[in-house]
Structure formats: structure tokens, C-alpha cells
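Every number in this text was worked out from the coordinates using simple rules, so none of it is lab data. The structure displayed is predicted, hence computed values, not measured ones. Cβ sites come from the backbone with ideal geometry, for glycine too, and all protein chains shown count toward neighbours.
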Amino acid sequence: MLVKTKAIVLSSIKYQEKSLIIKCFTQSDGLKSYFVQSAYSGKKSNQKIAYFQPLTILEIEAIHKNKGTLEHFKEIKLATAYQTINTDIVKSTIVIFLSEMLHHSIHEEEKNEDLFTFLETALIWLDTHEETSNFHLILLLETTKFLGFYPDNSETDFNFFEMVDGIFSPFQGTNCLNEHETFLFKKLINLKFDSDQKVFAGIERQILLKILLDYYSIHLDGFKKPKSLDVLKEVFS
């Protein structure tokens with residue numbers, strides 16, 4: 001079946017000498033993996049590889065056989081040409097980290113247009129704004145809405161956040177954040193992308209990042225912490 005859709009690149013893996021296996025989150029079909037033959041050969045090889053950088057937003061035509069095997073692109077072009085993400089070291093580090101997070105978090109091989117629209121809108125926001133220190137934290141928390149484990153924030157007067165049930169509690173149980181961590185987490189819940197970026201100090205961002213990684217680990221089977229985590233910490237230290 002010939003499909004025309006937008007797609008966000010989650011990962012690319014070199015296969016043998018010249019080919020790539022590309023994992024995308026598509027607007028039309030959710031997760032799809034594609035085989036790109038001879039990506040490293042021919043006159044336009046650099047152009048081909050540029051399409052498959054982390055979280056690039058593509059417009060594709062592809063043959064979807066839907067048999068659980070690798071699919072094939074027919075046509076590829078950029079849906080959005082990033083202006084700053086690929087040249088700004090902080091933004092490119094954020095994007096590499098988030099692509100790994102999403103790669104390990106999105107498992108649905110079915111359409112989730114709301115999640116796609118959210119990610120596309122967020123990435124364009126990142127590309128067009130300068131103050132982005134809290135972007136990765138907000139995106140990871142907001143993504144849990146679409147993955148099914150966003151915190152229940154109906155009782156935010158309570159001083160402790162219970163990680164397993166995703167609720168605020170008046171008591172500090174075994175799986176609860178401490179009072180300071182809960183305070184920071186509440187602040188994060190109330191943030192938008194364009195909120196004041198200086199609301200957290202660097203060490204507070206590190207605390208929140210650990211909380212979010214632990215929260216994902218608790219709620220997603222087989223979740224792996226990204227290899228790029230140390231680089232991200234270095235950039236924000």
C-alpha cells in the first residue's frame with residue numbers, strides 16, 4: 001500500500017557497509033521501520049544521510065506492506081527544515097537525548113496522531129526559540145499524557161509524590177519522592193515551553209531529570225536509560 005505521511009526519525013542504524021535501518025514515528029501508522037539501501041553511496045549520499053538525523057521531520061511516500069518486515073521509502077523530503085537544531089550544540093544534544101528516550105518509550109505500531117502533532121509542534125518550538133533549558137523536562141513529562149501515565153495532579157496540596165501510582169500523597173511511602181523533590185516536580189507540572197527558563201537552577205534540573213527517568217523506568221516495561229544521558233548532563237552542568 002502506498003502511503004503519504006509525515007514521519008519523525010527516532011533512530012538510524014547502519015546495516016552492512018552502505019545501508020541504513022530507520023525507525024520512524026509516522027503520523028499515519030505510528031511506529032514504522034524502513035530499509036534504505038545504498039545510503040552511503042552515490043552522488044547524493046550526504047543528502048540522504050541528512051534526512052535521517054535524530055528527530056528530523058520528514059514528508060514521505062512509502063510502500064507499507066504491514067507484514068512486520070522492514071518497509072521501503074519511495075520519496076523523501078524535509079517537512080520542516082530546522083534552522084538552529086543541527087548547529088546549536090545544546091539543542092542538538094537535547095534532540096539526540098530525546099530521540100533515544102522516544103525510541104525506548106513509544107512501542108505502539110498504530111496511529112497516534114495527537115502524540116505526533118504534539119512532538120512536531122514541540123520540535124518546531126525548540127528550533128525557533130533561544131531559551132530552551134527546560135525543554136527536555138517539559139517534553140518528557142507532557143509525553144506521559146500520550147503514553148498513559150501522566151501524574152494525577154488533583155491533589156497537589158499533598159507533600160509527597162508516589163511514583164508507582166502517579167499520585168500525590170500526604171504520607172511519604174516507600175515509592176515516594178521526598179518533600180523537596182515533590183516541590184520541584186509540582187513546579188515542572190505547571191510549566192509551559194515558553195515559561196521562564198530560570199525557574200530551576202542547574203542542580204534542580206538534574207534532580208528532575210533523574211525523577212523523570214525513574215518514572216519512565218517504573219511505568220514502561222524494558223525501558224533503557226539513554227546512552228546520551230551523560231552528554232546531556234555535561235551540557236547542562
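Quick rundown of the values:
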{"item": "Global form of segment 171-235, assessed from the alpha-carbon gyration tensor, a/c cut-off 1.5", "result": "oblate"}
{"item": "Rounded to 10°, Cα long-axis angle of helix 135-147 versus longest principal axis of the chain", "result": "80 degrees"}
{"item": "Sequence ranges 230-236, 53-59, ranked by mean other-Cβ count within 10 angstrom, highest first", "result": "53-59, 230-236"}
{"item": "Of Lys6/Lys186; Lys23/Lys48; Lys111/Lys186; Lys14/Lys77, those spanning more than 26 Å from alpha-carbon to alpha-carbon", "result": "Lys6/Lys186; Lys111/Lys186"}
{"item": "Phi to ³J(HN,Hα) by Karplus 6.51 cos²θ - 1.76 cosθ + 1.60 over segment 162-174, Hz, x for Gly, Pro", "result": "8, 6, 6, 7, x, 10, 8, 10, x, 10, 8, x, 4"}
{"item": "Segment 127-232 - Kirkwood radius from inverse mean 1/r over Cα pairs (Å)", "result": "14.4 Å"}
{"item": "Vicinal HN-Hα couplings computed from phi for segment 192-205 (Karplus, 6.51 cos²θ - 1.76 cosθ + 1.60; Hz; Gly/Pro x)", "result": "10, 4, 9, 5, 4, 6, 8, 5, 10, 7, x, 5, 5, 5"}
{"item": "Order by protection proxy (mean Cβ within 10 Å, highest first), peptides 181-187, 64-70", "result": "181-187, 64-70"}
{"item": "MRE, 222 nm, helices only [DSSP H, n ≥ 4, -39500 (n - 2.57), over the chain, to nearest 500]", "result": "-11500 deg cm²/dmol"}
{"item": "Cβ-defined net charge surrounding Ser33, 10 Å radius [Lys, Arg +1; Asp, Glu -1]", "result": "0"}
